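Here's the structure, in structure tokens; my notes come after.
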Amino acid sequence: MSTWVVQVVVVALFALTCGVLAIAWMRRRLGTAAIGLFVVALVAWVIAFVAITTEFRDANDFATCDESCTTTHYLAAVGFIAPPLLIALAGLAMIVARGSRWRLRRTRENHS
């Protein structure tokens, strides 16, 4: 397997997701975006897990396919590796959104 392809796709997904979360934060929708990211990443990981465990189109050999890698192998690799990273990013975004709301509420209470 050409791991550079998987690495580029994972890094690109991470960068795009960070950009989307930054835009959501500027529009005060970070919590909603984080929940959406969590759900999408979880669904993607479950689909990849099911494909790997049921050996759908030989997806379970994504780590050892060497020269005979297909698109299914690459999708299984990205679908199995990227979602945990995106779930962690969604968790961080949820913490930031909650902290922002807490800080705003504390500021309002102190000025009353």
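Which value at 222 nm does the chain reach when only helices count, each DSSP H run of 4 or more adding -39,500 (n - 2.57), with the total divided by all residues and rounded to the nearest 500 deg cm²/dmol?
-28500 deg cm²/dmol
Any idea what angle helix 3-26 forms with the longest principal axis of the chain, computed on alpha-carbon atoms, 0 to 90 degrees, nearest 10?
20
Per residue, what accessible area does the chain have, given a 1.4 Å probe and all protein chains present, in Å²?
For the chain, the solvent-accessible area averages 70 Å² per residue.
Can you pull the percent of the chain's accessible area that's carbon plus sulfur, 1.4 Å probe, other chains left in place?
Carbon plus sulfur share of accessible area: 67 percent.
Find, to one decimal place in angstroms, the Kirkwood hydrodynamic radius of the range 52-98, where the mean of 1/r is taken over every pair of different Cα atoms and then inverted.
Across the range 52-98, the inverse of the average 1/r is 12.1 Å.
With a 4.7 Å Cβ cut-off, tell me which Cys residues in the chain come up empty for a partner.
18
Rounded to whole Å and ordered largest first, report the semi-axes of the equivalent ellipsoid of the range 14-75 derived from its Cα gyration tensor (root of 5λ).
Largest first, the range 14-75 gives 33, 13, 6 Å.
How long, wide and thick is the range 8-112, going by the Cα atoms along their three principal axes, in whole angstroms, largest first?
Computed over the range 8-112, the largest-to-smallest principal extents equal 67, 24, 16 Å.
Between the helical axis of 30-53 and the dominant principal axis of the chain, each derived from Cα atoms, what acute angle in degrees is found, rounded to the nearest 10?
Its long axis makes an angle of about 20 degrees.
Give the angle, between 0 and 90 degrees and rounded to the nearest 10, that separates the Cα long axis of helix 71-111 from the longest principal axis of the Cα atoms of the chain.
Helix 71-111 sits at roughly 10 degrees to that axis.
The values are calculated or read from the model by the stated rules, or taken from the named source; none is laboratory data. The structure displayed is predicted, hence computed values, not measured ones. Positions of Cβ are generated from backbone atoms using ideal geometry, with glycine treated the same way; all protein chains shown enter the neighbour counts. To get the accessible areas, we keep the full protein, side chains included, count just its heavy atoms, and leave off ligands, DNA and RNA. Shrake-Rupley method; radii C 1.70, N 1.55, O 1.52, S 1.80 Å.
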